[in-house]
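A short worksheet on the structure shown next.
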Amino acid sequence: MLLRRITEHVKAQNWFAVGIDFLIVVVGVYIGVWIGNYQERKTLQAKQAQVVETLRLDMQHINSMDTAFTKLIGQGLNAWEKERAKGKMLPPFYYRVPGSDMPPQNTWKSLPQDQLTDLFAPDLLFDLGFYYSELDGVARKYLRYVIFVEDELLPGMEEEPGYFYRQDGQQLKPKFKTNMDRLRDWLDENERLRKWSACLVVRLETPMKSGNSCIPNLTVPVVEAH
């Protein structure tokens, strides 16, 4: 209808009316595009808010579980060391997380990876991906620890405590000492991850804003041989 009216005005050489009609078309197209973009932005904001809240809850849940586990492990290790300081020959301390040895698949893997670039600033996106990658790696370290416990340590619990010690009875055999050290390392790794996630939770308050990285220093000092 509008096109027919424009054609009639052109034939009549009513250029003022043609200009008005053209303006109506331009304004209509602009409003249509603006509404479409507005709806797209609102949809993206809603999706972003949902993903952010999901990640925040995921990190809080992981941290609460790790805090409980590490508290029990720390108490157990301290109690073991106090008894050893008194000269008691004890089996190595060990800890197995109740339930499955492997944690559930983390939330990050379930998110639509091809859409994340629209939801987060590039540096925050990298930081999040790095954090969850480290989370998986630390979980695999614990799995190696608990496999040794089940295959090597638990069978020895049927023996006398001396089974776990060198001939002098003062030092744990290297493989048992090493596995206890793995547990201590796991405590340190979880502490690092908790600080990392606490930083990420703050950054998620402004997901599209670039900022200081939450990635901790992962370098290990090199011990020089003498």
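Pull out all pairs, ordered by first then second residue, where Cβ-Cβ is under 7 Å, the residues are six or more apart or on different chains, the first lies in the range 154-172 and is under 14 Å from K88 (Cα atoms) and modelled with pLDDT of 90 or more, and the second is charged (D, E, K, R) and part of a loop (DSSP other than H, G, I, E, B).
As it stands, the answer is F164/K173; Y165/K173, since those pairs meet every condition given.
Restricted to the range 165-196, and to residues that are among the hydrophobic types (A, V, I, L, M, F, W, C) and over 28 Å from the mean Cα position of the chain (by Cα), which residue is surrounded by the most Cβ atoms within 10 Å (Cβ to Cβ)?
Filtering first and then ranking leaves F176.
In this structure, is D136 among the acidic types (D, E) and in contact (Cβ under 8 Å) with a residue 12 or more places away in the chain?
Answer is yes for this residue.
Of the conditions (1) charged (D, E, K, R); (2) surrounded by 17 or more Cβ atoms within 10 Å (Cβ to Cβ); (3) modelled with pLDDT of 90 or more, E150 clears all except one; give me its number.
That leaves (2) as the condition not met.
Just one of the numbered conditions (1) on the phi > 0 side of the Ramachandran plot; (2) surrounded by 15 or more Cβ atoms within 10 Å (Cβ to Cβ) is not true of D123; which one?
Failed condition: (1).
Would you mind telling me which numbered condition in (1) touching a Pro at 6+ places or on another chain (Cβ under 7 Å); (2) farther than 15 Å from E189 by Cβ; (3) among the hydrophobic types (A, V, I, L, M, F, W, C) A139 fails?
Checking A139 against (1) touching a Pro at 6+ places or on another chain (Cβ under 7 Å); (2) farther than 15 Å from E189 by Cβ; (3) among the hydrophobic types (A, V, I, L, M, F, W, C), the one that fails is (2).
Could we say that F164 is over 20 Å from V97 (Cα atoms) and in contact with a helix residue (DSSP H, G or I) (Cβ under 6 Å, 6 or more places away or on another chain) here? Reasoning before the result, please.
On the way: over 20 Å from V97 (Cα atoms): yes; in contact with a helix residue (DSSP H, G or I) (Cβ under 6 Å, 6 or more places away or on another chain): yes.
Considered against the rule, which asks whether it is over 20 Å from V97 (Cα atoms) and in contact with a helix residue (DSSP H, G or I) (Cβ under 6 Å, 6 or more places away or on another chain), F164 comes out as yes.
The values are calculated or read from the model by the stated rules, or taken from the named source; none is laboratory data. Predicted model, so just to flag it, every value in this text is computed and none were measured. So basically every Cβ, Gly included, is an ideal-geometry build from the backbone, and we count neighbours across all protein chains shown.
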